[in-house]
Structures are given as C-alpha cells and as structure tokens.
Amino acid sequence: MAYSQYVLVCAGTACESCRSAEIVRRLQAGVRARGLEGSVQVVRTGCFGFCAQGPVVKVLPGDHFYAQVKPEDAEEIVEEHLAKGRPVQRLLYRAPGRAAGAAAELPFYQKQFRIVLRNCGVIDPENIREYIAREGYAGLERALFEMTPDDVIEELRKSGLRGRGGAGYPTWKKWVFSKEAPANPKYIICNADEGDPGAYMDRSTLEGDPHSILEAMAIAGRTVGAQQGYIYIRAEYPLAIRRLEIAIRQAREAGLLGRDILGSGFDFDVELRLGAGAFVCGEETALIASIEGRRGMPVPRPPYPAVRGLWGKPTVINNVETLANIPVILLKGGDWFGSIGTPTSKGTKVFALTGKVNNSGLIEVPMGTTLREIIFDIGGGIKGGRRFKAAQTGGPSGGVIPEAYLDTPIDYESLAELGSIMGSGGLIVMDEDDCIVDVNKFYLEFTVDESCGKCAPCRIGGRTMYNLLTKITEGRGSVADIEQLHAVAHAMQKASLCGLGQTAPNPVLSSLRHFGEEYRIHIKDRRCPSGRCKALVTYSILPDKCIGCTLCARRCPVNCISGERRKAHVIDATRCIKCGECYEACKFGAVLRA
Amino acid sequence: MGADTEVTALPERSIELPDGISAFIEEWKDKPGNLIMVLHRVQEYYGYVPRDVAFEVAARLDVPLAKIYGVITFYHFFKLRKPGRHQIAVCMGTACYLKGGEDLIKELETILGIGLNQTTADGEFSIEAVRCVGCCGLAPVLTVDGEVYGRLTKDQLAGIIAKHRGG
C-alpha cells in the first residue's frame, strides 16, 4: 500500500531530549484514531541539522517544516494537517522577515549541499530497507561485482577525497599503503571518537545513517583485503551506539555483513569498541592502543598504522565523515565528486555550527563556501544583534578567524594560512561578550587535562602556557609573558610526540596573531574589554542614571549594594564578588562595568 | 605486555559476580583487547568499578591488577568511587562554556552544598563536568542520569533537582 503523506520527526539526540519520542507516539496514536494508518506514515529519522529549532517535524509531500513542536501539538497536526490538509500555521517555521515556506527553501538549507548527510532526516535509521531504497549498499555491490580493488582506488583518487578527521590526508593513499602491505590479516577501523568539544558531526551521521558507515567499511575491506572492521566510538554516545548495533544486526541478517557477502565469496564483519573518554584516543596510534585494551598512549610514527597498526597488522583508519562519502563516490563516480569544492579540497564539509549564532545546528556545505555565508546566510547572524568577533575552527587544535577574513573561501589550505585548521568540523561563533584570552585558557585547560603525559613538551609545555594565561586573565601578566608563550608554543609544536601536543598551542598562536591587542589590554591596562575576566572587572553605579528602584540591591547575592529607595545606590567594591547580577538586572543602564 | 606475563593478582576476598557480567566475561574472554569492554560492563552495573570486582576481573581475565588500574585511571569515563543515585553531568564543551556552563556548576554547588566530583551526604546526587555531550544547539546543557536538559538558565536548576530527588 502506498502512503500519500509522510511525517518525518527528528530523533537525533538534541530533539530526543526535547521529547521527540513522545511526539512520535502521539502522532501515531492520532493517525490510528482517525484510521489514517493506511495513508500516513510517521517516521523517526536522524538529525535534520536545525538543532536550534528542535524538535523539528517535516510533512511530505508539501515539505512543510514545523519547528519547536511540543508533544501536545501532535493532535493538532494530525487533525488539521494530515486529516484535513490544512497546515498548522502557528507551528510552521518562519525565518526572520520571511513567510513560512517549503523546508528546502529556508535560508538555513538553501546554501547547503548534502552528500554525507544525504539520508539524515530523510530515512528511519533503524530500518535497513529505507537505506537500501535510497541506493544503499549499491556502492558495495559495485565494488564486489563490477570493480576491481584497483578500480575502487582509482575512483577515490579521482574524487580527491581527503581525511575529514582533521589532517586532510588523501584517503586513497592510505588505502594503497594498506593494500600493498604484505602482512595479514588486515583491519579497517572507523574512528568515531569525536572528542573535540563543540563538535557532533560524527554522532549525527552515525545516529541518522549508520548503514552508510558499515557499507563504506565493507568497501574498504574489499579493496585492501581486510575481513574485520572495528568502529571505535565514544561511550558518551549511547543513541549512536544503539543505532549501530541495530544496523550491524540488520546488515548481517540481510547478508550484507558476515560470510560470503551477496554470494561474492567476500567475508567482512564489523564490531564496536567503546572509547572511555580520552581525547588523545582520536590520534591513530592511541586509538589502536585503546582498542587493544591498553592505556591510550600514542607512539611515534612511522611506521604508520596503514602498514603496522592494530595488533601490528596493516590497518586503515578513517573518520566517520570520510567513510560516509565513499558509497556515493562509487555510485556517482570520482569525477562527479571532484567537480565539487576547490582545487585542493574536494566535496563538502559538515560543520557543527554553534556558539553565539542564531541558527545553531549541523550543516553541510561545498568546500570553498565562505565563513560569511555560513555564519550570516545559513546561521542567520549573531544572536541578540550583537557584534561578530571571531569564528573558531578546529577546536583545541585550531584557531580563531577574525572579521577581516570572513570572505575567505574555506578549504584545508586557506584555513591553515589563517593560522587555524579545518579540524573535524567544530565551528564556534564568538561575539563581543566573549574574551579571546579566556577562551584560549579554556582550550588549554582542555589539552592539559587530556594530555596523556608521555612526552615532556606536551605535559610541561601545556601547563606552562596555561599558567601564563591564568596570570594574564588575573591581571598579573607582563609583556615578557607574551614572548614566553611564543617560545613554549614553538617548542611544543616541534618536539611533541603526537598531534595533540603539536597542535595544542595553535589557539594561542592564532589569537596572538589576530587579537594581540586584546592580550595587551589585559596586560598593560589591566582591563578585560568583554568583562569575562572577573579579576579585571569592577562594577559601580552611575548616580545620575540610577533612579533607586532597588532591583540591583535585591538581586545582589552578597548584599553589597546599599541605598535608599528612589535615591542613587552604591556598590561596596570590597565586598563585591563580580557576579554581574546587578549589571544584568538594571533596566536603566546605571550599572557600569569597567 | 600484560596478558602474557605470569603475574596474577589474587583477590582480597572472593566475590560473586552477577550473572550478566560473568556471562559477558566468558563471551569476551578470548577476544584480544577485551579489558575496556569488560570494564564498561562492570561500570554499567555498579555505577563505578569497585575494588573487589577489579580483583575478580583480574583473576578471570588473567591480567595483572596493575594493568586494570592503569586503564581505569587513564580514562575519564571510569570511576573508582560510587556516584550518587542521580548523576548530574554539566556539559563543558565549548558552546556550553561560552553560554555559561560554569555558572550552572556554581549554582548546582550552591544548591547541593557539594563540589564537583562529590556526592551529597544522603547519596542522592553527584555532580561532574563532562566534555561535549553533542547537543551544542541546546547550549548550555546538563544531563541527569542521561536525560538531557537544554537551553538552561540558573533558576531552572532547583526545579530539575526537585524532580529527580527521591525518584
């Protein structure tokens, strides 16, 4: 029986936390109550990407896009829209200054181009048949019956696909190294240890389209001659783990994993291995140590894992996003993929757009899209009409990009020139209320905490840099500290054992380059322009603006504001804890932060 | 390393492992790299890795106890102390940090009278700061027993705690 209407409900982690599962239940109940189950299908899909407006519900064929839906709205959607064909106007999403329109025409989606996220928000990730209906496992079929391993590598080479985990190494080269390595057995590892704070591209892909990863791993296995794959995934992602377990079971039942896949004589199976909260395990050799059940400490390369990896055997390690591209490349061809993007960086990139931006969420754009398009067209600009200050890419290994470079087309090379990196895809927008020095202290605190401690440059250097930044944010900095930051940073870059230590100074170096003045204001003027560094901020009340409404005095948690009603109040600076409650509370702009 | 050495830790006292864990160890016993998966299973059951259970796991898997503690203390996820009946985890990913994750921690500390990584005297709640939970669109975020609360402000916290207390 064909359905005439489809209701797609986002069941990603963010929407699920806003009770999307209950929305599905109530939609289904409503559909049954009206006897519509023959013509309406309610589908729980992966992430739509528009997390800021979740939970999101989409109705096809009209492409109506409902935002911030509550479980109690389900009844009305069924009654009005599904039964009577009248979309519920009050729930339709409207971009600021625009009328409600089809989902595909929303500013959030217009500039996006989806390869990796092709099935996210479209299919039910817990049903292999929906994946197959969208040409799923057709890439594997080609790799098994129509192409030789060399053909597959040639397509990958033509596609120009580079690793999406951060470093951007050409994927086909990794595969060739493993394929040509004489040792056996060989292994395929999917790196799903997404530890970068503020990034969730891999989680959403695994939650929304788990079979695409399994298919790509089987293609990799066929190409390099491996029979076993492992997905190393963060234990903090329970939903992604559950969906992968379901997907693996269904793929085995369908004969798409396991022995003699599709009668080709090729065996390949996949197992999950859980991470345990160590950022350094995103590094290849540390990840291997962790799968082997050991402390996740990196070892020097070479030998590279492609030649000597898991249990000393040749191992291909690809990131989730890299793998998700591969089935499409086999279907549509390397030339097609290579036609998208910039001369050095092909295809698309998924970003987790977060921070002080209106439309935070998960987006996918062609390489070469500018930051301005991402932040202002897709992201809808800065929250609360504040002023843009910087975009951060690459997380604790990346850097900040100031306003002057918003029009740079993004690819691996252009970001590196700006002193940042592509990284895994975290894109954090900061506004004028964020302090650059403070944010960098946050990143260093992270890398200090996550350093495995094996090599001295990272273990000691990171701590030294963190201490210097603490000094500066507390108003005890000196100009010599800047020089020392540079010196330690260069030593860490040169001498650290693995990527974590080598890149840990990046945020500081890039911010010194683009926001050096802000460091100098902290040091010389003992002032924090954004007011984030509490030691450098004082609060006082402007007597001519204060009308004596007493609101600030009532809000003050330490009762250090005094004054009579209808008369100007005074803050006792000796007792003030600089919490900023009075500043937020005052409706007359009478509290001065300096 | 580890499994091929002769040293075997002796348990302080023998402890009966629950059937689920025993069966899991049997299933994984001969797979290489099983230790972390077994520890996940132990922590899932107890909420942490109790010392006598670590002894028992060492004996069953035939790995030195030192190796087990080496792994537990390396990874943030594994706990050596019993957490509260309700575990509050405040996200300190970058997006949540920028949007006031730290303020949430301070407010929780004030309400519950405990610091980070501590448990209330009645054993009801413990607070920890965690890395990105991946709901950056909802920042700032915290989870209680895995249930996500997003777009939070300080004044919502007392209500969330009241909802979980005794539940």
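The values are calculated or read from the model by the stated rules, or taken from the named source; none is laboratory data. On a predicted model such as this, the values are computed, not experimentally measured, just so you know. Counting neighbours? That spans all protein chains shown, and the Cβs are built from the backbone with ideal geometry, glycine included. The area values use the complete protein model at the heavy-atom level, side chains included, leaving out ligands, DNA and RNA. Shrake-Rupley method; radii C 1.70, N 1.55, O 1.52, S 1.80 Å.
Short-range pairs are left out: with C-alpha atoms under 8 Å and at least six residues apart, the relative contact order of the stretch A:128-338 is 32 percent.
One Cα centroid belongs to the stretch A:402-434, the other to the stretch A:511-559; the line between them spans 28 Å.
Ranked from largest to smallest solvent-accessible area, with a 1.4 Å probe on the protein heavy atoms, A:VAL488, B:VAL42, A:VAL307 come out as A:VAL307, A:VAL488, B:VAL42. From most to least packed by mean Cβ count within 10 Å, the peptides A:186-198, A:474-486, A:266-278 give A:186-198, A:266-278, A:474-486. Each Lys and Arg adds +1 at its Cβ and each Asp and Glu adds -1 at its Cβ; summed about the Cα centre, the protein assembly as shown shows a dipole of about 1880 debye. In terms of accessible area, using a 1.4 Å probe and ignoring ligands and nucleic acids, A:GLU564, A:GLU126 rank largest first as A:GLU564, A:GLU126. Which lysines, if any, have their Cα less than 24 Å from the Cα of A:LYS524, not counting same-chain residues under 8 positions apart? Here the lysines satisfying the reach criterion relative to A:LYS524 are A:LYS389, A:LYS441, A:LYS471, A:LYS534, A:LYS578.
The phi-based Karplus calculation (6.51 cos²θ - 1.76 cosθ + 1.60; θ = phi - 60°) puts the 3J(HN,Hα) values of the stretch B:107-122 at 5, 4, 4, 5, 5, 8, x, 10, x, 4, 6, 10, 10, 5, 4, 7 Hz, whole numbers, x for Gly and Pro. Secondary structure note: in the protein assembly as shown, about 55% of the DSSP beta bridges are antiparallel.
For the stretch A:5-105, what is the Kirkwood estimate of the hydrodynamic radius, computed as the reciprocal of the mean inverse distance between distinct Cα atoms, to one decimal in Å?
Numbers: mean 1/r = 0.0753 Å⁻¹.
Final number for the Kirkwood radius of the stretch A:5-105 is 13.3 Å.
Contact order for the stretch B:59-167, expressed relative to its length and based on alpha carbon pairs under 8 Å spaced 6+ residues apart, stands at 29 percent. Here the sum of -39500 (n - 2.57) over DSSP H runs of 4 or more residues, divided by the residues of the protein assembly as shown, equals -11000 deg cm²/dmol at 222 nm, to the nearest 500. Counting every pair of alpha carbons in chain A, the share spaced more than 39 Å apart comes to 36 percent.
The chymotrypsin sites (Phe, Trp or Tyr not before Pro) found in the stretch A:6-95 include none that occupy coil by DSSP while having at most 13 further C-beta atoms within 10 Å. The residue list A:LEU161, A:ALA133, A:SER178 was ranked by how far each Cα lies along the charge dipole of the stretch A:87-240 toward its positive end, using unit charges on Cβ atoms, and A:LEU161 comes out on top. Scanning chain B for cysteines with no neighbouring cysteine C-beta under 4.7 angstrom from their C-beta gives B:CYS132, B:CYS135, B:CYS136.
Computed on chain A, with alpha-carbon pairs under 8 angstrom and 6+ residues apart, the relative contact order is 12 percent. Counting Cβ atoms of other protein chains within 10 Å of each residue's Cβ and taking the mean over peptide A:198-204 gives 5. Accessible area per residue was computed with a 1.4 Å probe on protein heavy atoms; A:TRP311 scores about 80 Å². The modelled label-to-label distance between A:ASN559 and B:TYR46, using points 7 Å beyond Cα along the C-beta direction, is 4.8 nm. Note on chain B: with a GNM built from Cα contacts shorter than 10 Å, the maximum mean-square fluctuation among B:ILE68, B:ILE15, B:ILE114 falls on B:ILE15. Shielding of peptide A:13-20 by partners, expressed as the average count of other chain Cβ atoms within 10 Å per residue Cβ, is 5.
Sparse packing (at most 13 other Cβ atoms within 10 Å of the Cβ) combined with a DSSP loop state is found for the following trypsin sites (Lys or Arg not before Pro) in the stretch B:89-167: B:ARG165. Averaged across B:86-97, how many Cβ atoms of other chains sit within 10 Å of each residue's Cβ atom? For peptide B:86-97, the averaged partner shielding equals 5.
Across all C-alpha atoms in the stretch A:538-593, the radius of gyration and Dmax reach 9.6, 25 Å. For the listed residue pairs A:LYS349/B:LYS99; A:LYS356/B:LYS106; B:LYS79/B:LYS106; A:LYS567/A:LYS587, the alpha carbons are over 18 angstrom apart in A:LYS349/B:LYS99; A:LYS356/B:LYS106; B:LYS79/B:LYS106.
Any of A:LYS179/A:LYS313; A:LYS186/B:LYS31; A:LYS179/A:LYS332 with alpha carbons more than 19 Å apart? Name them for me.
Too far apart for the 19 Å limit: A:LYS179/A:LYS332.
Which number comes out as Rg/Rh for the stretch A:128-338 once both Rg and the Kirkwood Rh are worked out on C-alpha atoms? Here Rg/Rh amounts to 0.93.
Of the GluC sites (Glu not before Pro) found in the stretch A:381-434, those that fall in a DSSP loop while having at most 15 other beta-carbon atoms within 10 Å are A:GLU432.
Of the beta bridges in the stretch A:5-105, as assigned by DSSP with both residues counted there, near 55 percent are antiparallel.
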